[in-house]
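All remarks here apply to the structure that follows.
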């Protein structure tokens, strides 16, 4: 598989590329609204579907010979370099899940690692100088290997999950000590820090190394804690969720894509980046897999960001109470 | 018990009085941070502790002869009229609860209704012309009785809970058809509407009558849906929760107190009212019972509202993406 570097980036412009390393999967998803099999998904795909709207993406992952690679054409058209997507003999990573009626909880029906069990990310030489990197929630040993292959990225973000927190705590803490931004969900933050309070959990994580911690709260939004800023954002209120799979990865993709596009990580831009992440996370829920993001434009994202602003803004100028 | 109308209202000024009808209880609370018994609480007390910062309050409730009424002196000093607080022979309403480590879930240890089981709210004549009213989560039959006793309030808000949704659905729907604002938590909204999506649940409730619906999401903030506005606010991030009991009632008290003080229910003021409600709800969590609110000043509330604004604001002015 080769990239198509001559096609224009969807919103890439002159932004430095973002490296993403993570799963590329085929999902079987059942929600109260329907059932789909062979859905193109996984962290690397959902992240790229969001990030590629704003910056060129370099994807590193592994697939089997059953993967419908033409379904990733939309990523290529947006300037995503798929030369790091290795194809191996065997079956692709397959994951099945059934969502409950409230859409916030799900049961995993099966996890077939397939060729993903042998995943050993090797960065093509041009990827080593990526300006930005996102390490999906894979084995911390692999995350460390990727860190060793990178030259001098401006910002490395990393995700993790309960499985690695429980089983590989020490290497995970080593990863956390070497990155700039940890993204994880609220339950994972509590589990990692053994601290039930989220603000304290985020502080605990920051003391282990990362300058920035973003705690994802699903439909309840996100919390950012950095050296000099705390930012709190509610979730975008959707009146129809079709499939929440991948929303967290789309959030990370929107956030990092926006930062890469800006080229700076000031508080002002980081706050806007998180709002863009929320917008992408909400779009991700509107269709199965990455389908909604595949057809999305930057103008639609900006519309949603403005809508989000109208939904949440309030003024504290002197009113009757202060008068 | 008589009111002390000659003492100045904490922040009342010329605001029209707010009537509150609800439980006045003695709580026994165990949280990971400690244990307290005979804590002065209940809906009417926690609501009044918040609302009395902004407007005069008229409290209607019932207590037994074991109630330490001197602990309500702070309400009297803020201009709360307690002439509707009936004292009966017998024990006060007592409620015991044990909070789990995450502070978001709790087990009820016991509920002793005592004299509250005979509660039949009768409004003193001066209370019938209240400008604003809040009906706590009591039996809908009693809520209807209060509605019948009111002259022509500007706005009537009402709360409810799973107990009444399950057992007295029809009278509850009759109440909902006669009020202006329903406040309830997310699980109650889902239960009442049989609609797992919160935005749709709020729309369902609005179709039953109330112009305004406020869904309380605990630590995750609140959602407002009205004729012409949707407003979403995250919860104030506390790094130390002592006791969440009564936070929802304090939220309602802060919100209605602020509206009464403003005297208007424009979108702009309603949004600010909800942020004031979030601020009061957060203060309520900082000590057992209403203790933190008892010592609170309007200046502290306004400080927190400004802090809340700094935590949540972001700008969507054209940036690199739009350029």
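Rule-based calculations on the coordinates, nothing more; no lab input. This one's a predicted model, so the numbers in the text were calculated from it and none came from an experiment. A quick note on method: Cβ atoms are made from the backbone with ideal geometry, for glycine too, and the neighbour counts reach across all protein chains shown.
Under a plain spin-label model, where a point goes 7 Å from the Cα along Cα-to-Cβ, how far apart in nm are residue B:98 and residue B:297?
Output for this residue pair reads 4.1 nm.
Over the alpha-carbon set of the protein assembly as shown, work out the extent along each principal axis and list the three values in angstrom, largest first.
Taking max minus min along each principal axis of the Cα atoms, the protein assembly as shown gives 83, 45, 44 Å.
Return the Rg/Rh value of the range B:18-312, two decimal places, where both radii are evaluated on C-alpha atoms and Rh is the Kirkwood radius.
A ratio of 0.93.
How far apart, in nm, are two points set 7 Å out from the Cα along the Cα-to-Cβ line at residue B:194 and at residue B:112?
4.0 nm
Hey, for residue B:227 with labels 7 Å out along Cα-Cβ, what do the inter-copy distances come to in nm, ordered shortest first?
Output for residue B:227: 5.1 nm, nearest copy listed first.
Compute the FRET efficiency between residue A:306 and residue B:148 as 1/(1 + (r/R0)^6), taking r as their Cβ-Cβ distance and R0 = 51 Å, and round to the nearest 0.05.
About 0.65, to the nearest 0.05.
Between the range A:53-121 and the range B:111-153, what's the alpha-carbon centroid distance in Å?
59 Å
Could you work out the relative contact order of the range B:128-252, using alpha carbon pairs under 8 angstrom and six or more residues apart, expressed as a whole percent?
Relative contact order comes out at 17 percent.
If I take every Cα pair under 8 Å that is 6 or more residues apart in the range A:82-145, average their sequence separation and divide by the length, what percent do I get for the relative contact order?
28 percent
Could you rank the peptides B:78-84, B:21-27, A:148-154 by their average count of other C-beta atoms within 10 Å per residue, with the highest value first?
Ranked from most to least packed, the peptides come out as B:21-27, B:78-84, A:148-154.
For residue B:187 and residue B:313 in the same chain, what is the full-extension length gain: residue separation times 0.36 nm, less their Cα-Cα distance, in nm?
Extending this stretch completely gives an extra 42.6 nm.
What does the average come to when, for each residue of peptide A:141-151, you count the partner chain Cβ atoms lying within 10 Å of its Cβ?
0
Can you tell me what share of the DSSP beta bridges in chain B is antiparallel? A percent to the nearest 5 is fine.
40 percent
Is there a simple number for the mean count of other chain Cβ atoms within 10 Å of the Cβ of residues in B:231-241, and what is it?
6
Enumerate the residues in the range A:24-52 having an amide nitrogen under 14 Å from the point lying 7 Å beyond the Cα of residue A:88 toward its Cβ.
In the range A:24-52, the label zone of residue A:88 (backbone N under 14 Å from the point 7 Å along Cα→Cβ) covers A:24-25.
Work out the mean other chain Cβ neighbour count within 10 Å for the residues of B:301-313 and drop it here as an integer.
4
Antiparallel as a % of all DSSP beta bridges within the range B:1-152, to the nearest 5?
Within the range B:1-152, antiparallel bridges account for around 40 percent of the total.
Using the per-residue mean of other Cβ atoms lying within 10 Å as a proxy for protection, in what order, highest first, do the peptides A:305-311, B:285-291 fall?
Order by mean packing, descending: B:285-291, A:305-311.
Below 8 Å, C-alpha to C-alpha, sequence gap of six or more: please give me the relative contact order for chain B in percent.
Averaging sequence separation for qualifying contacts and normalising by length gives 18 percent for chain B.
Order of A:226-235, A:180-189, B:271-280 by packing, highest average Cβ count within 10 Å first?
B:271-280, A:180-189, A:226-235
Sort all Cα-Cα distances of the range A:148-304 into consecutive 10 angstrom bins from zero, then give the percent of pairs in each bin up to the one containing the longest distance.
11, 41, 35, 13, 0
Relative to the other copies, what are the label-point distances for residue A:144, with labels 7 Å from Cα along the C-beta vector, expressed in nm at one decimal and sorted shortest first?
Its label point is 6.9 nm from the equivalent points in the other copies.
One decimal, nm, shortest first: give the distances between the label point of residue A:187 and those of the same position in the other copies, each label point 7 Å from Cα along Cα→Cβ.
1.6
Across bins of 10 angstrom width beginning at 0, how are the C-alpha pair distances of the range A:108-157 distributed, in whole percent?
22, 48, 22, 8, 0
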